[in-house]
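The next block holds one structure in the form of structure tokens; read it before the comments.
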Amino acid sequence: MFHKITTPQGAAATAIAAMMAIAPTLGAASPLSNDPIRLVIPFGPGGGSDITARVLSATAPEFCGPRIDVVSMSGAAGLEAVNFVRNAEPNGHTLLVTDYGPIVTSGFVDDVDWSHEDWQPVMNFTEWLPTVYTRPDHPIQTIEDWVEAATADPGSITFGHASPLGIVHLPLVLFEMETGLENIHVPTSGGGETRSLIMGGHIDLGMTLPASIASEVASGELTALGVFAAERSAALPDTPTFREAGYDVVLPAWLMIIATDEVPAETVEYLQDCFMEALASPTAVAMSSRVNAGIEPLNAADSTELYMATVESIGNILREIGEID
Amino acid sequence: MLESFIPALYLAFSPEVIMFVAIGVLMGVTLGAIPGLSGDMAIAILLPIVFFLEPAAALGLLTGIYKGGMFGGSISAISFGVPGTPGSAATAIDGYQAKLKGYPNKALNTALYSSVIGDTSSDFVLIFLALPLAIVALTFGPVEFFALYAFSLLLISALTKGKVAKGVAMAALGILLAMIGRDPIGGSLRLTFGIPELSGGLALIPVLVGIFAVSELIIQLSKAWMERANRIMDDARQRAESLLGDYDASKDKLSFAEFRSTMKATWIGTTMGTLIGALPGAGSSLAAFISYGLAQRFSRNRDEFGKGSLEGVAAAEAGNSATSGSTLIPLFAFGIPGSATAALFGAAFILMGMTPGPRLIYDHTEVIYALFLILIYANLINLVFSHFLLPVYSKIAMIQSRILLPIVCVLAILGTFAAGNSVIDVYVLLFAGFLGVVLRMYNFPLAPLILGFIVAPGAERALRQSLLIGRGDWMHLLSSPIAIGLYTVAAIMILTFTLVLRDKK
């Protein structure tokens with residue numbers, strides 16, 4: 001009761017889940033005990049990470065064995081969750097589910113007692129593609145309009161984004177580094193506030209993730225200018241990428257399950273296998289499409305490669321803008 | 001549209017759905033009454049239930065919890081002076097005084113009726129006026145929000161007669177406490193003194209429960225120790241005393257005349273709550289404080305406020321409950337979650353495969369109509385349940401403090417820990433408790449401090465966003481008619497009422 005335990009199954013269900021788990025994984029002995037697996041998210045409940053993690057917590061017990069709880073810890077701007085996982089026993093039962101903000105960016109800019117090498121990705125859920133958008137009656141409707149207006153009158157366009165240096169702010173920083181354009185950065189409390197400021201005519205542009213504006217863009221209530229990604233977003237098929245417009249700015253945000261490097265390799269492999277198996281199940285696929293989560297799992301090796309690449313690129317941006325030496 | 005109404009009626013009034021709404025209300029009232037635990041938390045925990053229940057049943061359960069929790073917060077606010085939820089902080093001011101005077105039942109009933117009236121009216125506004133009100137709400141940008149926050153701070157700080165300076169000082173202290181942590185615009189750390197745990201700032205629940213509740217507990221405890229030292233000579237007398245002391249339940253009934261006397265305050269609360277609830281990001285505690293402040297300004301018995309006034313309870317409770325329907329307006333009209341609760345309802349819709357926004361009502365007419373019906377009748381269920389439970393709660397409120405205090409204390413600590421899964425929050429709770437003791441000893445009003453703490457992050461963001469958008473020009477703050485209007489009303493009110501109050505002396 002006094003933990004934010006967010007699985008629906010009770011104690012009885014745990015037993016059933018444990019029994020069901022014996023069948024598919026009989027070959028390999030499980031390195032996990034019967035204690036629940038905790039997926040710790042460094043954000044408040046109800047957001048994209050929470051919703052995505054819940055798809056896993058609802059489907060994976062059948063494949064992994066123990067019950068899976070989603071625990072939300074947003075304290076200390078997410079660092080409390082990171083430290084909690086860092087200090088937990090390294091047995092694979094306490095895992096972090098996060099985008100690159102609380103781990104890669106914080107690892108650079110905050111005073112933490114761990115480094116980026118102290119973590120190992122277990123699996124990647126999805127890649128979120130940061131998208132620039134505005135209201136349909138705004139004079140800026142395309143990437144070209146934006147560049148033109150910003151060139152004509154530098155520092156005149158107001159741009160809303162969530163917290164500074166977060167996943168929907170760094171792409172703007174990178175874009176300005178590449179193009180030399182200047183905009184007025186207006187930090188907001190999150191996607192909801194950015195959106196009401198844009199719709200109310202208080203700011204010009206904003207950045208968000210495709211799932212949260214897809215239906216409004218389709219019905220013409222919002223305009224998506226461009227996506228900071230190599231390929232177009234499946235949720236916004238008609239929105240060009242910045243690369244298509246001639247600006248090679250690509251900075252997608254992943255959502256990974258991450259363990260500390262002290263967790264044994266075979267445990268990580270077991271978790272990777274059962275998570276990926278669960279997400280490939282018909283129930284998980286149906287749930288993912290229902291909640292617009294766009295889950296396309298990557299295994300541990302590919303996730304690690306992606307993680308290391310992100311550490312390098314974020315490090316470069318932060319050095320360039322003088323946030324770190 | 002009408003052809004969807006009949007199936008929606010069947011859906012909303014199916015025995016299963018009614019049962020889930022009732023379970024939700026009971027859970028909400030109980031959790032809301034525990035300091036630190038709120039309906040929002042229960043909704044977050046139970047969110048995955050939408051995978052397993054029919055949409056109407058799941059929404060019924062969540063709605064029930066939400067409404068129950070909204071009222072439940074006032075139970076501990078009145079009974080123990082501990083706001084069970086942030087929204088009920090303003091209820092604690094007069095509610096707890098009323099209890100100390102020996103009439104918790106009157107205060108609780110006032111809270112229940114005003115809460116249900118406020119909530120129901122707000123639901124009707126959501127159903128019939130969502131779109132126009134949402135469009136008005138969108139005209140609130142950073143400039144207008146800063147004016148609203150400044151207005152509310154002035155209103156509350158200047159509330160207590162003869163203590164205006166202390167009130168302003170307390171609001172400033174609240175703002176200072178809220179500035180600990182990450183700067184919302186630049187992202188740099190402020191006032192953390194190198195303690196990494198403070199980088200996320202102080203959480204609202206521990207500060208709120210600490211300032212109001214733990215300080216009260218410490219004071220009560222020391223009183224109890226003093227009394228115990230005196231009474232130890234007279235052991236026999238103490239044993240003879242009944243569990244409830246000299247509380248007489250038969251004298252503690254809310255009369256119709258008393259109920260009618262609170263109606264003006266209730267309607268002020270209902271109106272302000274509905275309007276403020278529709279603004280994305282403003283929140284139920286702000287609505288409660290503004291309603292309380294305005295009700296005091298317009299009351300005939302202004303001097304009773306802060307001393308157990310039922311009008312004060314009614315205004316605060318109607319104010320916070322009236323946000324409950326209208327907080328969903330931006331979500332329904334534009335898909336913008338305007339509050340934590342609205343974000344959770346938004347997540348519930350998404351988990352059910354329904355996208356929040358203007359299309360929601362066209363794409364899922366039956367379920368949304370059923371939700372509208374549930375929103376209305378959940379209030380009735382809340383009214384009936386709580387009506388029968390209140391006498392029990394009033395008796396609990398009057399249990400002697402030597403039994404009650406340890407229980408409340410443990411609940412406060414557990415509830416605070418549960419709200420953020422954080423031990424730091426418990427330290428903050430205790431620290432805030434000691435701060436509260438000091439402030440109470442020197443007669444500083446606590447409400448402005450809490451309001452300052454609640455509105456500071458939003459006010460700072462609004463101010464700095466305004467200045468960013470206005471490119472550093474302070475005159476930009478006066479660029480909106482709404483803002484100018486709010487500043488003018490604030491100025492006129494403070495001037496007139498200060499003068500009126502002075503004349504009376």
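Condition test on residue B:328, is it open to solvent by less than 10 Å² (accessible area, probe 1.4 Å), of a type outside the set (Val, Ile, Thr) and either at the interface with another protein chain (Cβ under 7 Å from one of its Cβ atoms) or in contact (Cβ under 8 Å) with a residue 12 or more places away in the chain (or both)?
For residue B:328, the condition - open to solvent by less than 10 Å² (accessible area, probe 1.4 Å), of a type outside the set (Val, Ile, Thr) and either at the interface with another protein chain (Cβ under 7 Å from one of its Cβ atoms) or in contact (Cβ under 8 Å) with a residue 12 or more places away in the chain (or both) - is met.
Residue count for the stretch A:136-166, restricted to those that are out of contact with any Ser or Thr (no Cβ under 7 Å at 6 or more places or on another chain) and within 11 Å of chain B (Cβ to nearest Cβ): 8.
When we screen A:82, A:71, A:97 for residues that are in contact with a strand residue (DSSP E or B) (Cβ under 6 Å, 6 or more places away or on another chain) and either crowded, with 24+ Cβ neighbours inside 10 Å or modelled with pLDDT of 95 or more (or both), the only hit is A:97. In a residue-by-residue description of the stretch A:72-95, the property of being away from chain B (no Cβ under 11 Å) and assigned to a strand (DSSP E or B) applies to at least one position.
The rows are residues; the columns are (1) outside any loop (DSSP other than H, G, I, E, B); (2) surrounded by fewer than 19 Cβ atoms within 10 Å (Cβ to Cβ).
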residue	(1), (2)
A:266	yes, yes
A:272	yes, no
A:278	yes, no
A:285	yes, yes
A:295	no, no
A:309	yes, yes
A:322	no, yes
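Take residue A:224 and decide whether it is surrounded by 20 or more Cβ atoms within 10 Å (Cβ to Cβ) and either within 13 Å of another protein chain (Cβ to nearest Cβ) or not in a helix (DSSP H, G or I) (or both). Steps first, please.
Details: surrounded by 20 or more Cβ atoms within 10 Å (Cβ to Cβ): yes; either within 13 Å of another protein chain (Cβ to nearest Cβ) or not in a helix (DSSP H, G or I) (or both): yes.
For residue A:224, the condition - surrounded by 20 or more Cβ atoms within 10 Å (Cβ to Cβ) and either within 13 Å of another protein chain (Cβ to nearest Cβ) or not in a helix (DSSP H, G or I) (or both) - is met.
For the stretch A:51-58, does any single residue satisfy the condition of being assigned by TED's automatic domain parsing to the domain that holds residue A:102, aliphatic (A, V, I, L, M) and open to solvent by 30 Å² or more (accessible area, probe 1.4 Å)? Within the stretch A:51-58 (the criterion being assigned by TED's automatic domain parsing to the domain that holds residue A:102, aliphatic (A, V, I, L, M) and open to solvent by 30 Å² or more (accessible area, probe 1.4 Å)), the answer is no, since none of the residues qualifies. Residues in the stretch B:289-308 that are small (Gly, Ala, Ser), open to solvent by less than 10 Å² (accessible area, probe 1.4 Å) and out of contact with any Leu (no Cβ under 6 Å at 6 or more places or on another chain): B:291, B:295, B:299, B:308.
Mind counting the residues in the stretch B:164-214 that are within 12 Å of chain A (Cβ to nearest Cβ), touching a residue at least 12 places away in the same chain (Cβ under 8 Å) and over 22 Å from residue B:463 (Cα atoms)? So the answer is 5.
Is it fair to say residue A:127 is at pLDDT below 95 and either open to solvent by 20 Å² or more (accessible area, probe 1.4 Å) or of a type in the set (Lys, Arg) (or both)? Taking the combined requirement at face value, the residue satisfies it. Note on the stretch A:178-221: residues that are at the interface with another protein chain (Cβ under 7 Å from one of its Cβ atoms) and under 24 Å from the mean Cα position of the chain (by Cα) amount to 10. Taken together, the criteria exclude residue B:295 from residues that are aliphatic (A, V, I, L, M) and within 15 Å of the chain's Cα centre (by Cα).
Listed here are the residues, each with its yes/no results for (1) of a type outside the set (S, T, N, Q); (2) open to solvent by less than 40 Å² (accessible area, probe 1.4 Å).
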position: B:413; (1), (2): yes, no
position: B:416; (1), (2): no, yes
position: B:419; (1), (2): yes, yes
position: B:424; (1), (2): yes, no
position: B:429; (1), (2): yes, yes
position: B:438; (1), (2): yes, no
position: B:449; (1), (2): yes, yes
position: B:454; (1), (2): yes, yes
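The values are calculated or read from the model by the stated rules, or taken from the named source; none is laboratory data. Note that this is a predicted model, so its numbers are computed, not measured. Glycine also receives a Cβ, built like all others from the backbone with ideal geometry; neighbour counts cover every protein chain displayed. Heads up: the accessible areas ignore ligands, DNA and RNA and are worked out on the full protein's heavy atoms, side chains in. Shrake-Rupley method; radii C 1.70, N 1.55, O 1.52, S 1.80 Å.
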